[in-house]
Amino acid sequence: MKKRKAIIILIAIILIIVTVIVIVGFILTNTKSIKSEEIIKQYITLVNEKKYEEMYNLISESSKKTITQEDFITRNKKIYEGIDAVNINIEIVKVEKQKEKGNATEKITYNENMSTSAGNINFSNTVKLVKENKEYKINWSSSLIFPELRNTDKIKISSIEAERGEILDRNGEKLATKGIISTVGVVPAKLKANKEENIAKVSDLTGVSKEYINSQLNASYVKDDTFVPIKKVSASNNELKEKLLQIPGVMIKNTEARVYPLGEEIAHLIGYIQPVTAEDLKEKSGKGYNSNSVIGKAGLELSFEDRLRGIEGKEIFIEDENGNRLKTLVKQDKKDGEDIKLTIDSKIQSQLYNQMKEDKGFFVVMNPQTGELLATVSTPSYNSNDFVLGLTNAQWEELNKNENKPLYNRFLQSYCPGSTFKTITAAIGLTTGKLTQDTTFAYSGLSWQKDKSWKSDFITTLTEYNGAKNIKNALIHSDNIFFAQVALQIGKKEFCENLDKIGFNEQIEFPLTIRKSQYANSEKAMETEKKLADSGYGQGDILVNPIHMASIYSAFANNGSMVKPYIEYKNGQKEILKQNVFTNEATNIVKEALIQVVENPEGTANDMKINGLTIAGKTGTAELKNSMDDSESGTLGWFDCFTINRKDSNDLLIISMVENVQNNRDGGSHYLIKKIKTLF
């Protein structure tokens, strides 16, 4: 019985073995090897993915005897990544079956194209694949990369530097251009015995740390006679250069670089360039940037980067082991950057900057007929050249921690406009018919409230005056109470609708991002009557950007239409931003009243009067109080004005503001008037 059972088990085992053999045989008989053309396509996919080790696994054993895996990876990586090869594609043209020494081979003819840093490369090529252990493997040589490339040849790239475009003012004065800077360096062999002492002296004078200087001196490429660059300095800083040259081992070389002739005077508008970072290269991949490139980092240098930057010329070619050029694979001519001409008048820009450089404030100057911006000043400022030369850590910290915020671009922000906003309230009231030039209100004294429901809230004004409480007198004397009542008479809904019509809560198209003007801090605009009344004279939640304000004020010089502010020169072309926002009658009434603000002896801007010149203007003081008792938030002084029918036909519209004028004996507006008058 046991014997019979053993025989049955043995038979079962034999049947299982036979079954397995049959199944395996069936699989082996019916399994086809991957086609040769699929192997070469897989190889090209791996090239695109930069998987060089996996590429090596696809080449034949005979090929592996000619090149190690390490050398294979190095050669392919250096060539493909050195020329920035991307989007490599092949198209199979023909597959031919062959036999060599009894081995089955296939010859594949294909077309290949790729994008490189110098342009597209297209070529036809052939490759042989041989069967090894029933799998196709690639017979590899360097000709698989490019048909003419031999294993002893190299791929080289030559570059032709392109010029970055200049930024010019309206008269051709250079605001950003190519100039000369000085590079301070050290030659190790000449530091002599007092090496550490001399390094310390260089550190003290340049602001560069001793640790950084030593790290540069210890770099692998440095030899005794190597010039090791340490710090870039202005070519005109002769005093510093003379002190540095007295230190043994110091050398100074002049090199070409981007320079900004006006420096601090226009830094917030022009901005600056810097060397590209790793993040820049990743973001700009495929756009021709490399580790030696520079890129706009702020201001118009950043906004106009794509137009200003030059695209260097490049040639990719094959060179033999003796340095002979064999074949050019692709060549891209250099393309210099575009010069950009601005509407800015550098004389006005410089003059107003120097008038305001010790203060925190801004000037925006515009041609009210065309919209051309003639000056955009923000103070305090920084020097664009410092960023090109390279800021030390101490300089960067000083800029960022300075309580006066020199990096803060004030003409792009929005501010409480105070009484300069009364012109807008007046124009809306006249345009909507809620106000006429004969409308008067009955009140007296320096404070007013609508009724007892306001409890302890009052509207206050600074000056009592004789005469009717009408629009003309209210503007001449800057009467808060009058314009509070005008806002109430217009009503919240219509007031807000008309503010929207003139561009509030709207982004103005401009190369730099301008903060939107607003009339509410939340979804609930002017939620109380008092807030609506305060808004009428430029307080409440009203915030206005100065460039937008210039456009609004231009309506008083253009029969009710706002011109579009612009910065790139267009030979005086004019574009309307908002058509007929105020009626012609409304603008004329407001304009005539603003002329009297300057001409009338009782006008708040009478000190702006200039014989032979007609000027319309409005003073303004904005209190930045968070409560009635707040005395810490400060006060803004404003003065907005425009000339009328100037003899040279170049009228100026000026929007200006200075911060923290609460302790200024001249008051903010009159402080600004003194500075503006220097233009005339």
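The values are calculated or read from the model by the stated rules, or taken from the named source; none is laboratory data. On a predicted model such as this, the values are computed, not experimentally measured, just so you know. No Cβ is skipped: glycine too gets one built from the backbone with ideal geometry, and neighbour counts run over all protein chains shown.
In table form, for the structure just shown:
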read-out: Residue among Val365, Val388 that is in a strand (DSSP E or B) and not charged (D, E, K, R); value: Val365
read-out: Qualifying position, being modelled with pLDDT of 95 or more and either surrounded by fewer than 19 Cβ atoms within 10 Å (Cβ to Cβ) or not assigned by TED's automatic domain parsing to the domain that holds Leu435 (or both), among Asn663, Asn600; value: Asn600
read-out: Qualifying helices (runs of 4 or more DSSP H) (wholly inside segment 27-129; at least 3 residues being touching a Leu at 6+ places or on another chain (Cβ under 9 Å) and buried (at least 16 other Cβ atoms within 10 Å of the Cβ)); value: 36-48
read-out: Index of the failed condition, Ile481 passing every other in (1) crowded, with 20+ Cβ neighbours inside 10 Å; (2) closer than 22 Å to Thr432 by Cβ; (3) in contact with a helix residue (DSSP H, G or I) (Cβ under 8 Å, 6 or more places away or on another chain); value: (3)
read-out: In segment 396-413, the residues that are closer than 15 Å to Val364 by Cα and among the charged types (D, E, K, R); value: Arg410
read-out: Members of segment 513-544 found to be under 30 Å from the mean Cα position of the chain (by Cα) and aromatic (Phe, Trp, Tyr), listed by number; value: Tyr519
read-out: Strands (runs of 3 or more DSSP E) contained entirely in segment 209-328, each with at least 3 residues that are in contact with a Phe, Trp or Tyr (Cβ under 9 Å, 6 or more places away or on another chain); value: 250-259, 272-275, 294-298
read-out: Unique match (being closer than 12 Å to Ala118 by Cα and either out of contact with any Ser or Thr (no Cβ under 9 Å at 6 or more places or on another chain) or modelled with pLDDT of 90 or more (or both)) among Lys341, Lys282, Lys334; value: Lys334
read-out: Breaking point among (1) surrounded by fewer than 19 Cβ atoms within 10 Å (Cβ to Cβ); (2) within 15 Å of Ala533 (Cβ to Cβ), for Ala442; value: (2)
read-out: Segment 416-435, subset in contact (Cβ under 8 Å) with a residue 12 or more places away in the chain and over 20 Å from Lys530 (Cα atoms), residue surrounded by the most Cβ atoms within 10 Å (Cβ to Cβ); value: Ala427
read-out: Matching residues in segment 146-164 - criterion: being touching a strand residue (DSSP E or B) at 6+ places or on another chain (Cβ under 9 Å), surrounded by fewer than 18 Cβ atoms within 10 Å (Cβ to Cβ) and outside any strand (DSSP E or B); value: Pro147, Glu148, Arg150, Glu161, Ala162, Glu163
read-out: Any chance Lys178 is under 30 Å from Val330 (Cα atoms), under 36 Å from the mean Cα position of the chain (by Cα) and not polar (S, T, N, Q); value: yes
read-out: Any hit, segment 537-544, residues being surrounded by fewer than 20 Cβ atoms within 10 Å (Cβ to Cβ), out of contact with any Cys (no Cβ under 6 Å at 6 or more places or on another chain) and under 21 Å from Arg410 (Cβ atoms); value: yes
read-out: Within segment 485-503, considering residues that are among the aliphatic types (A, V, I, L, M) and over 41 Å from the mean Cα position of the chain (by Cα), the one nearest to Phe639 (Cα to Cα); value: Val486
read-out: Residue count, segment 291-327 (criterion: loosely packed, with under 13 Cβ neighbours inside 10 Å and polar (S, T, N, Q)); value: 4
read-out: Complete set of residues in segment 293-331 that are among the hydrophobic types (A, V, I, L, M, F, W, C) and at pLDDT below 95; value: Val294, Ile311
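For (1) outside the structural domain of Ile40 (by TED's automatic domain parsing); (2) modelled with pLDDT under 95; (3) not charged (D, E, K, R), each residue gets a yes or a no:
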residue: Ile88; (1), (2), (3): no, no, yes
residue: Glu96; (1), (2), (3): no, yes, no
residue: Phe123; (1), (2), (3): no, no, yes
residue: Asn133; (1), (2), (3): no, yes, yes
residue: Ser142; (1), (2), (3): no, no, yes
residue: Pro147; (1), (2), (3): no, no, yes
